[in-house]
Amino acid sequence: MCNPEDLVAAYDSYGRTVRVPSLWIYARNDHFFAPELAQRMFAAFRNSGAPGELIIAPPYKQDGHSLIFGQPMWRDAVYAFLKRNVLPTTAPSLAPPPGGAKVEQAFATYLATPNYEKAFVIGRNGAYGWASGYATQEEALRVARDECNNHCGTVYALDDTLAAGGLRTGRPTTVAASDRAASRRQSRARPDHANGRPPATASWVRLNRALTTAERAEQRLLAIAAVLRLYHAVRRLFAVPRAMIGRHGEEI
């Protein structure tokens with residue numbers, strides 16, 4: 001990292017005006033910001049009066065600078081930070097599908113994957129398949145079925161939401177008429193004692209999924225805005241003043 005002293009000075013300056021809590025997470029093998037530099041920047045930031053927490057995480061792959069993609073390593077710390085500061089969190093907590101320990105572990109990995117859109121499908125005798133990082137849920141479903149060699153006939157989860165009653169993969173966006181009738185009968189017969197409303201139907205799941213997607217989009221926009229602000233701040237810090245050139249080429 002070039003000019004580490006300037007970075008430390010910059011965070012000393014930032015810390016004089018920042019008054020909202022911040023969480024710093026650096027991997028021990030970050031090749032751009034080594035733990036020693038991260039600790040110096042954080043100390044300058046805190047000593048200027050800014051609140052913050054620093055976590056030096058274990059090494060991540062070959063270069064810890066890519067720790068953002070290692071969500072299982074920092075996820076709990078981030079959610080705990082959000083809760084301590086009474087900030088919203090959408091941490092998914094879903095029951096694992098049936099099929100044994102192998103399926104449960106695969107589903108845990110699926111939940112920890114931040115790449116949307118994604119889908120998880122299951123079949124008989126512990127068969128499962130999942131895919132993530134696709135433009136649409138339909139495409140993620142298709143790849144998940146391929147991963148299961150087309151032996152999985154039930155959609156278990158879409159993104160971070162359980163599918164209502166398990167959707168058949170042949171018609172991923174609809175529920176069979178018999179399933180809809182059963183859901184209506186169940187809704188009339190038994191309320192949800194936890195919150196007083198009928199059990200979740202496909203419509204409720206679609207609404208919940210839409211809200212989750214909107215929240216996720218808002219979080220991404222806020223993150224992009226924060227990165228852009230930091231980029232422009234660092235760019236201004238290291239900008240080299242250009243000499244003013246007169247009409248005949250002489251420096252002014």
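The values are calculated or read from the model by the stated rules, or taken from the named source; none is laboratory data. Given the structure is predicted, the values throughout are model-derived calculations rather than measurements. Note that each Cβ is placed from the backbone with ideal geometry, even for glycine, and that neighbours are counted across all protein chains shown.
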Legend entry - Check on Asp6, touching a residue at least 40 places away in the same chain (Cβ under 8 Å), over 30 Å from Ser93 (Cβ atoms) and in a helix (DSSP H, G or I): yes
Inset, instruction - With the condition kept exactly as written, say whether any residue in region 147-162 is modelled with pLDDT of 85 or more, in a helix (DSSP H, G or I) and either within 24 Å of the chain's Cα centre (by Cα) or outside the structural domain of Gln105 (by TED's automatic domain parsing) (or both). - result: yes
Inset, instruction - State yes or no: is Gly166 over 25 Å from Gly70 (Cβ atoms) and either modelled with pLDDT of 90 or more or under 20 Å from the mean Cα position of the chain (by Cα) (or both)? - result: no
Legend entry - Residue match in region 141-157 (condition: under 25 Å from Trp74 (Cβ atoms) and either in contact with a Ser or Thr (Cβ under 7 Å, 6 or more places away or on another chain) or surrounded by fewer than 17 Cβ atoms within 10 Å (Cβ to Cβ) (or both)): no
Legend entry - Selection from region 7-45 of residues that are among the charged types (D, E, K, R) and farther than 23 Å from Ser66 by Cα: Asp12, Arg16, Arg19
Legend entry - Candidates Tyr116, Tyr60 - the one that is assigned to a loop (DSSP other than H, G, I, E, B), in contact (Cβ under 8 Å) with a residue 40 or more places away in the chain and surrounded by 15 or more Cβ atoms within 10 Å (Cβ to Cβ): Tyr116
Legend entry - Residue check, Gly129 in contact with a helix residue (DSSP H, G or I) (Cβ under 7 Å, 6 or more places away or on another chain) and over 30 Å from Asp30 (Cα atoms): yes
Inset, instruction - Report yes if some residue within region 20-35 is part of a helix (DSSP H, G or I) and in contact with a strand residue (DSSP E or B) (Cβ under 9 Å, 6 or more places away or on another chain); otherwise report no. - result: yes
Legend entry - Residue list for region 88-113, filter: under 13 Å from Leu162 (Cα atoms) and either surrounded by 13 or more Cβ atoms within 10 Å (Cβ to Cβ) or free of Cβ contacts under 8 Å to residues at least 24 places away in the same chain (or both): Pro92, Ser93, Leu94, Pro96, Pro97, Phe107, Tyr110, Leu111
Inset, instruction - Search region 71-86 for residues that are over 16 Å from Ser22 (Cβ atoms) and pair each with any residue that is exposed (fewer than 14 other Cβ atoms within 10 Å of the Cβ) and of a type in the set (A, V, I, L, M) when their beta-carbon atoms are under 9 Å apart and the residues are at least 6 apart or on different chains. - result: Gln71/Ala112; Pro72/Ala108; Pro72/Ala112; Arg75/Ala91; Arg75/Ala112; Asp76/Ala91
Inset, instruction - Just need a number here: residues in region 28-51 that are touching a Lys or Arg at 6+ places or on another chain (Cβ under 9 Å), crowded, with 16+ Cβ neighbours inside 10 Å and within 24 Å of Lys83 (Cβ to Cβ). - result: 1
